[in-house]
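The following block contains the structure, expressed as structure tokens.
Laboratory data are not the source of any read-out in this text; all were calculated from the coordinates shown. Since the model is a prediction, treat every value here as computed from it, not as a measurement. Note: ideal-geometry Cβ built from the backbone for every residue, glycine included; neighbour counts use all protein chains shown.
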Amino acid sequence: MSGLAVAWIVLVVGSGPHPPKGRLLPPGLERLEAPLREARVGDWVSYRIQGGAGREGHWRMAVVGEELDAQGRSAVWLEMEFGAEAKLANPLLRFRMLAVRDAGLVPGGVSRLIVAFGFDRPQELEPSAIERVLSGTSAAEIEGGWQNGHSAPRPLFPGGAEDKLTVRRGGQVRLLTAAGTVSATPVELFYRRTLVQRFWISPDVPVLHLARIELPATSHTMETTGYGHNATARIPEPSASTPKIRLERQVDEPGGP
């Protein structure tokens, strides 16, 4: 499930104004491109992910602090938790990151990143490793390094395909979600003449302003299951003596298999 969740988080928040190579969303979805400008400490939102064939997962994002980063930029502490059940009592993967408000969760916008698998001791990534993670590194790569047989999630639209994308916006509607009824604006994304993504963007839903996403071709959906403004930190910062995570490509020894 964690791989599915990581792929979704790359899809949702990896679309800032300076995205990694092969961006995931086209220009024009302003609320998705810089959602942290309006984020306030205490805001939180949870989602249910359904991936077809009975696959289901849950994740939660919360704003738990704010400060200036090492470069003097206004930033917020975000926590993300992924798990197989809605209450996330036994999370599979947890992140805590310091993200610049004007940049979002993109390389260059996150100056600190802390990760924990389940309830293992949280560890911070070396600064040089952050860009790799935000460019699409999978959970398996974080845990085991760049191992053979693991690949990063691929963007839906490879570089050069943006000129074939069309965005259609509808009027405001009342959308029924698992978190209740919210005001939302539907946005449809077409690749040539094929509908590939459908969003409902809602001012009622904090942090990402996303109420629901659908990928019709694959029957994947993500829908908010709850939100509020009373979040507190649930992932502690590691102690100064805790070693940091480094991601390095493994190079086969000469004469190896």
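With the range 186-231 as the region, which strands (runs of 3 or more DSSP E) entirely inside it contain at least 1 residues that are free of Cβ contacts under 8 Å to residues at least 12 places away in the same chain?
By residue number, no strands (runs of 3 or more DSSP E) qualify.
Now for a separate question. When residues of the range 49-70 are filtered for being among the basic types (Lys, Arg) and over 27 Å from Glu38 (Cβ atoms), how many remain?
Residues that pass the stated criteria total 1.
Also: For Leu175, are the conditions met, namely being over 18 Å from Met61 (Cα atoms) and either in contact with a Phe, Trp or Tyr (Cβ under 9 Å, 6 or more places away or on another chain) or not aromatic (Phe, Trp, Tyr) (or both)?
The answer is yes for Leu175.
How about the range 67-94: which of its residues are assigned to a strand (DSSP E or B) and surrounded by 15 or more Cβ atoms within 10 Å (Cβ to Cβ)?
Hits for the range 67-94 are Ala75, Val76, Trp77, Leu78, Glu79, Met80, Glu81, Phe82, Gly83, Leu93, Arg94.
Another question, then. Being touching an Asp or Glu at 6+ places or on another chain (Cβ under 8 Å) and hydroxyl-bearing (Ser, Thr, Tyr) is true for just one of Ser128, Ser74. Which residue is that?
Every option except Ser74 fails the conditions.
Please work out which one of (1) closer than 30 Å to Thr218 by Cβ; (2) touching a His at 6+ places or on another chain (Cβ under 8 Å); (3) in a loop (DSSP other than H, G, I, E, B); (4) not polar (S, T, N, Q) is the condition Tyr47 fails and give its number.
Result: Tyr47 passes all but (3).
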